[in-house]
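Asks: Structure below; questions to follow.
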Amino acid sequence: MQAAASDRGVAFAKTTRPAISAIAPRERLFARLDGTPGRTVMWISGPPGCGKTTLAASYVGARGYRCLWYQVDHDDADAATLFHYLAHAARKLDAARAKDLPAYSPEIGADTAAFARRFFRQLFACATAPFALVFDNLHAVPPEGVLHAVLEAAFSQVPKHCSVIVTSRSDAPASCARLRVTGEMVCLGWEDLRLDTEELAAIAKLRGQSLAAEAVAGLRERTQGWAAGLVLMLEHSKLSGRIADLPGGATPQVVFDYLAGEIFERFEPKTREFLLRIACLPRMTADIAQRLSGEPKAARMLLNLALNNYFVSEVQSEEGRSYQLHPLLRDFLRGRAALDLPEALGAGQLQRAAELLRGAGQADAAISLLVEARDWPAVARIAAQEAEAMLAQGRSDTLAAWLDFLPQDVREADPGLLCAYADCRAHASPRAARRSFEQAFEGFLRAGDLAGMLRSGCGAIEAALAEFDDLESVDPWIASVKRLLQDTRGVPPALAIATLIKGLLWRDPGHADFADWLERLRKAQAPTAPAAAEIALLLALDALWRGDFGKAGSEFDQLLARARTLPAQTAIAVRLAAGWQRLAAGTTAAAVAAARDGLAQAEAEGLHRFDEWLRLLAAAAALAAGDRDAARGELQRLEAQGARLRRGDRAGIQYLRGWLAALDGDAAAAQREARTAVGLAAETGVPWLECLARGAFARTLADAGDRRGAEAQLRSAQALAERLRSPWLGFATQLAVADAALQSRDEAGALAKAKAAFGLGREYGFQHAPWWRARESAELCALALRHGVEPEYARALVRARRLVPRAAPLRVPDWPWPLRISALGRFELLREAGTVEFGGKGPGRPLELLKLLVALGGQNVRADQLADALWPHVEADYAHKSFTATLHRLRKLLGDDEALVLRDARLSLNPAFVWVDTWALEAVIAAIDDALRAPRSEIADAGVRALTDEAFALYRGPFLPDESEQPGFIACREQLRARLLRCLARLARRWEEAGQAAPAADCYLRCIDADHLFEAPYRNLMLCYQRAGDAIEARATYERLRTIFSAKLKVMPSPETQAVLAGLDAPATRQGGAG
């Protein structure tokens, strides 16, 4: 409570407008500061003592601005200090809304501007217009520091009727030029701030001196309008009765020292001693001044100086009054003290002053004095006492600066300080932090401090993970933390267990005791809500690792639902982890969305710790979806970061680079990138990434024909997957092995591994694996379906990932075609859900268009040819319009826009999504032709018979037997008949030559059964019987044909068939059948 009260005291002192008396309003400058209606920033610059602070304070009062005043000092070089005290001060504006101001974190790092924009946007929302935010003495921090970038961010967030006022010894930077040009910024410099004669006379009058015009002009000439010089000359004239002569060409500090010295010498000795003894204090209360100087009237003397505006400013706040010496006066007094009262600046006095300031909660000021006194033990003591609070406030840079003041041996002698030092550097330099944690652990070990050992051991794990360069160094710390947690009396700390789980997830999630530690984490009591969210995230990651995607997805959804209430860094981590879960589940669009949301929040918050892996997620999801350009863009943005990338990041980049090269068809680049990824992943010590990289490398080796090399990599990958006990890694590895076997033309090996992979996929619902190559995955699915291996899973995978093999799987049984078209024997249109039913008059023209497209081959059919065939008696323009309208209706009928492709005025059925029985029959006939080219001794094997069965299963009858109007239908029907007959004739002759007349005759009989109006098979069958010497069956075949033709067509068989009948009594010959 006391520390909090002291902190409030410092906050109010830094953020309360100084009470300055004897102010003459400078309406000339007030009008300049009013600027144009769009003015939001005022920059007042000039040398010390020119009235910058006085002008800002008087302007705010004169214009009735509500004000938040911030006095900048050297500690504000750490942006966290600024945000911490501004957040305190914002409570004076709106206590309820100020609680929602974002808290600064060291993880923000270099992108402070993004955080600043959000902070100031919310800060201004707490204020009621008209409102001014004043930054006084900006020159106290170096111009290259982060505070200037913070202010530029603040300038962009100033709403209407609000302003930012800056006072500084330096002019506005060049980066503000745009604001000046647009009128949003007004700048007043030294030439503007010089007092004119009217202002000079008014100030003299306020200070009790009415001067004649000549005297005013003389003062103006001597002081050059310098306010501090005027005040000193007026006071000097009161004491001496004359206007002092100033040294010619002297600097303001020299002039001030001269005049102040003249006045100082006329003070009473007690007053002089009092001022010299308090000269070391940057900011003080009356009580501190009294106790340090021993002057009982200290309060009255300070108040007197402030009321008379003797370069002492007073701040009145809820915490009481505090005073601050003007820098010019303080520098003067320190210079005089060094000459007249050296003990006032001696080590003892500085230590006493630091003790008083420390007791008042001004630790920053106390440290400055102790460093000046070189009292390192006291600096170390305050740093140790303040470390926890400062780290919680995000003020790690300030704490690190304190610890940097200490000699190395002093810092390293205290393990607690080493731990604090490591915490300060954990985000900016994790490697240095890890070394400090390791040193701290040794110190705690020597002291027997188990809690300290646990803290430093966990810190070493976190730092090594953040470094992401050599995770093998985590292993001994995992072992140490396990031992310490087992030795901990009572309930072990939840965050320590969480850190252990993090280390194990990266290094060895398959360890035998991992489940036990996970159970202890579930039962642990989280100390805070953010800690509870982090634990929930780790539990969801475990579910993801174990392949329980349903549970992991549900837990991530719960975390995402309350993402706004989570710490920003945790919320980004949740989005990243949820994105990987979406990707692993095969929902690539959701994965990309998660990556985009994470990057957007990171940009808004200024938190970029996970940017690299969010971009890797976006690239991986793009690759999984086949969007190579998007993946290429993400990888280029990643590689542009250069030195910021860690070794583990580079391993991920090279892995994805290899995947991209494989999809691009650049086999050499794919192999090169995959090999590099294996090396980087192994060096980084990320076994799961090494496992994936080895699987990818094996695929590239298999593609190149290096079967032995591929097998070696796959053995290593399988060993890693087994060690890590991850079903998903097992699935990915088995898939890689199957793919490699398929590339090596080892169909039996590919089928065995596909069975193992698909079994895991079915059990856990996996639908994606890294290094996903859609064509190769489609080939594995086709292989599995041909052999009846995990058919349900294979079909589900094809549907979910819309897989298409290199060659359309027209002959693969049970391939899940979105659309099936049958035109042989009868017309059928089937979707996966079932047959498309046509009610009433049916779809009319759209269905006619579809039938004609199939009849004309279904590929690259000219649109004008289709239009002419369907609308032969209308003008071309009208036919084209009718075609376009009909095509639109047909797309709606099919229910899938991808089923029809219109390109370059040519229409096609998409062979990736549509199965057509005529296409399948052509494929089977081609396969039979290929088989017949084999040696004669092999033609009667079971394979050829199976092909024949497949052909007759497809040829259920002639093409569109009920359609006879369109010439295209007739032509297609006869072409298919002729092609089938030629194939069957060749096959029958081969069987006959092999002495197998029965299979030959069976071919023709089955053809006749399917298409009883097809005359040529009858004739060929008659010849087949004739050659076998069975004239009776030959005549019976003719009679069957004659009867059918007489009944159905009212015609007799053709002369060619009648000639065969007439020759039945002739001796059998080996003549070929008629076509």
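The values are calculated or read from the model by the stated rules, or taken from the named source; none is laboratory data. Please read all numbers here as calculations on a predicted model, not as lab measurements. Every residue, glycine as well, gets a Cβ built from its backbone with ideal geometry; the counts of neighbours run over all protein chains shown.
Asks: What about ILE478, is it under 20 Å from TRP688 (Cα atoms), surrounded by 19 or more Cβ atoms within 10 Å (Cβ to Cβ) and more than 28 Å from the chain's Cα centre (by Cα)?
Replies: Criteria met by ILE478.
Asks: Before we move on, is LYS205 basic (Lys, Arg), modelled with pLDDT under 90 and outside the structural domain of TYR310 (by TED's automatic domain parsing)?
Replies: It is false that LYS205 is basic (Lys, Arg), modelled with pLDDT under 90 and outside the structural domain of TYR310 (by TED's automatic domain parsing).
Residues checked against (1) assigned by TED's automatic domain parsing to the domain that holds ILE461; (2) buried (at least 16 other Cβ atoms within 10 Å of the Cβ); (3) assigned to a helix (DSSP H, G or I):
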{"position": "LEU504", "(1), (2), (3)": "yes, yes, yes"}
{"position": "ASP516", "(1), (2), (3)": "yes, no, yes"}
{"position": "LEU538", "(1), (2), (3)": "no, yes, yes"}
{"position": "ASP542", "(1), (2), (3)": "no, yes, yes"}
{"position": "ALA552", "(1), (2), (3)": "no, yes, yes"}
{"position": "VAL574", "(1), (2), (3)": "no, yes, yes"}
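Asks: For residues that are surrounded by 20 or more Cβ atoms within 10 Å (Cβ to Cβ) and in contact (Cβ under 8 Å) with a residue 40 or more places away in the chain, scanning just the stretch 974-987, find the one that is farthest from ARG933 (Cα to Cα).
Replies: LEU976
Asks: Do we have any residue at all in the stretch 57-76 that's modelled with pLDDT of 85 or more and of a type in the set (Val, Ile, Thr)?
Replies: yes
Asks: Moving on. Restricting the stretch 993-1046 to residues that are charged (D, E, K, R) and more than 16 Å from VAL1060 (Cβ to Cβ), which is surrounded by the most Cβ atoms within 10 Å (Cβ to Cβ)?
Replies: ASP1011
Asks: Same structure, new question: Go through the stretch 322-358 and report how many residues are free of Cβ contacts under 8 Å to residues at least 60 places away in the same chain, more than 29 Å from VAL254 (Cα to Cα) and of a type outside the set (D, E, K, R).
Replies: Qualifying residue count, the stretch 322-358: 3.
Asks: Can you confirm whether ALA347 is surrounded by fewer than 20 Cβ atoms within 10 Å (Cβ to Cβ) and in contact with a helix residue (DSSP H, G or I) (Cβ under 8 Å, 6 or more places away or on another chain)?
Replies: yes
Asks: Checking the structure you have, find out if any residue of the stretch 662-669 is more than 22 Å from GLY633 (Cβ to Cβ) and more than 26 Å from the chain's Cα centre (by Cα). Reasoning before the result, please.
Replies: Pass one, the stretch 662-669, residues more than 22 Å from GLY633 (Cβ to Cβ): 667-668.
Remaining after also requiring more than 26 Å from the chain's Cα centre (by Cα): 667-668.
Looking through the stretch 662-669, at least one residue is more than 22 Å from GLY633 (Cβ to Cβ) and more than 26 Å from the chain's Cα centre (by Cα).
Asks: Something else now. Could you say whether any residue in the stretch 100-111 is buried (at least 18 other Cβ atoms within 10 Å of the Cβ), among the small types (Gly, Ala, Ser), under 29 Å from the mean Cα position of the chain (by Cα) and outside any strand (DSSP E or B)?
Replies: The answer is yes; a qualifying residue exists.
Asks: Please verify whether LEU981 is in a helix (DSSP H, G or I) and either assigned by TED's automatic domain parsing to the domain that holds VAL854 or not β-branched (Val, Ile, Thr) (or both), treating the condition exactly as stated.
Replies: Yes; evaluated as a whole, the condition is true for this residue.
Asks: Restricting the stretch 769-795 to residues that are within 21 Å of ALA622 (Cα to Cα) and among the aliphatic types (A, V, I, L, M), which is modelled with the highest pLDDT?
Replies: Per the stated criteria, the residue is ALA778.
Asks: Restricted to the stretch 1-35, and to residues that are modelled with pLDDT of 85 or more and in a helix (DSSP H, G or I), which residue is surrounded by the fewest Cβ atoms within 10 Å (Cβ to Cβ)?
Replies: Out of the qualifying residues, it is ALA31.
Asks: Where in the stretch 388-473 are there helices (runs of 4 or more DSSP H), lying fully within it, with 2 or more residues that are within 27 Å of the chain's Cα centre (by Cα)?
Replies: Result: 396-405, 415-425, 430-447, 450-467.
Asks: Separate question: Condition first: over 18 Å from PHE549 (Cα atoms) and among the small types (Gly, Ala, Ser). Now tell me which residues in the stretch 562-592 satisfy that.
Replies: So the first thing to find is which residues in the stretch 562-592 are over 18 Å from PHE549 (Cα atoms), and the list is 562-572.
Scanning the stretch 562-592 gives ALA563, ALA568, ALA571.
Asks: Go through ILE478, ILE497 for me and flag whichever is modelled with pLDDT of 95 or more and of a type in the set (Val, Ile, Thr).
Replies: Matching residue, one of ILE478, ILE497: ILE478.
Asks: Considering each residue of the stretch 144-199, count those that are part of a loop (DSSP other than H, G, I, E, B) and basic (Lys, Arg), and give that number.
Replies: Total satisfying the criteria: 3.
Asks: Related question: Which one of these is in the same structural domain as LEU485 (by TED's automatic domain parsing) and within 16 Å of ASP469 (Cβ to Cβ): ALA413, ALA420, ALA428?
Replies: ALA428
Asks: Which of (1) among the polar types (S, T, N, Q); (2) within 23 Å of ALA57 (Cα to Cα); (3) in a loop (DSSP other than H, G, I, E, B) does GLN209 not meet, given it meets every other one?
Replies: In the conditions (1) among the polar types (S, T, N, Q); (2) within 23 Å of ALA57 (Cα to Cα); (3) in a loop (DSSP other than H, G, I, E, B), GLN209 misses (2) alone.
Asks: Next up: If you go through the stretch 1047-1057 one residue at a time, how many are part of a helix (DSSP H, G or I) and surrounded by 12 or more Cβ atoms within 10 Å (Cβ to Cβ)?
Replies: Residues that pass the stated criteria total 2.
Asks: May I pose another question? Enumerate the pairs (first residue in the stretch 178-201 and at positive phi; second residue anywhere and surrounded by fewer than 18 Cβ atoms within 10 Å (Cβ to Cβ)) with beta-carbon separation below 9 Å, excluding pairs fewer than 6 apart on the same chain, so at least 6 apart or on different chains.
Replies: Here the result reads GLY183/GLY35; GLY183/THR36; GLY183/PRO37; GLY183/GLY38; GLY183/ARG39, each pair linking the stretch 178-201 to a residue that is surrounded by fewer than 18 Cβ atoms within 10 Å (Cβ to Cβ).
Asks: Provide a single number: the residues in the stretch 273-303 that are in a helix (DSSP H, G or I), of a type in the set (Lys, Arg) and touching a residue at least 24 places away in the same chain (Cβ under 8 Å). I'd like the intermediate steps shown before the answer.
Replies: Applying the first criterion (in a helix (DSSP H, G or I)) to the stretch 273-303 yields 273-277, 286-293, 298-303.
Add one more test, that the residue is of a type in the set (Lys, Arg), and what stays is 277, 291, 300.
Next, only the ones that are touching a residue at least 24 places away in the same chain (Cβ under 8 Å) stay: 277, 291.
Counting residues in the stretch 273-303 that are in a helix (DSSP H, G or I), of a type in the set (Lys, Arg) and touching a residue at least 24 places away in the same chain (Cβ under 8 Å) gives 2.
Asks: Next question, about the same structure. Looking at the stretch 260-281 only, could you name the residues that are at pLDDT 85 or above and surrounded by fewer than 21 Cβ atoms within 10 Å (Cβ to Cβ)?
Replies: Result: GLU268, PRO269, LYS270, THR271, ARG272, GLU273.
Asks: At least 3 residues that are in contact (Cβ under 8 Å) with a residue 12 or more places away in the chain in each: list the strands (runs of 3 or more DSSP E) lying fully within the stretch 848-948 that qualify.
Replies: Answer list for the stretch 848-948: 906-909, 914-916.
Asks: Just to be sure before I move on: is ALA741 part of a helix (DSSP H, G or I), hydrophobic (A, V, I, L, M, F, W, C) and over 21 Å from GLN671 (Cβ atoms) in the structure I sent?
Replies: Judged against the criteria, ALA741 is not a match.
Asks: Name the pairs: first residue in the stretch 996-1011 and not assigned by TED's automatic domain parsing to the domain that holds PHE1045, second residue surrounded by 20 or more Cβ atoms within 10 Å (Cβ to Cβ) and not in a helix (DSSP H, G or I), Cβ to Cβ under 6 Å, at least 6 apart or on different chains?
Replies: none
Asks: Further question on the same structure: Can you confirm whether GLU388 is without any contact (Cβ under 8 Å) to a residue 60 or more places away in the chain, surrounded by fewer than 21 Cβ atoms within 10 Å (Cβ to Cβ) and closer than 26 Å to TYR104 by Cα?
Replies: yes
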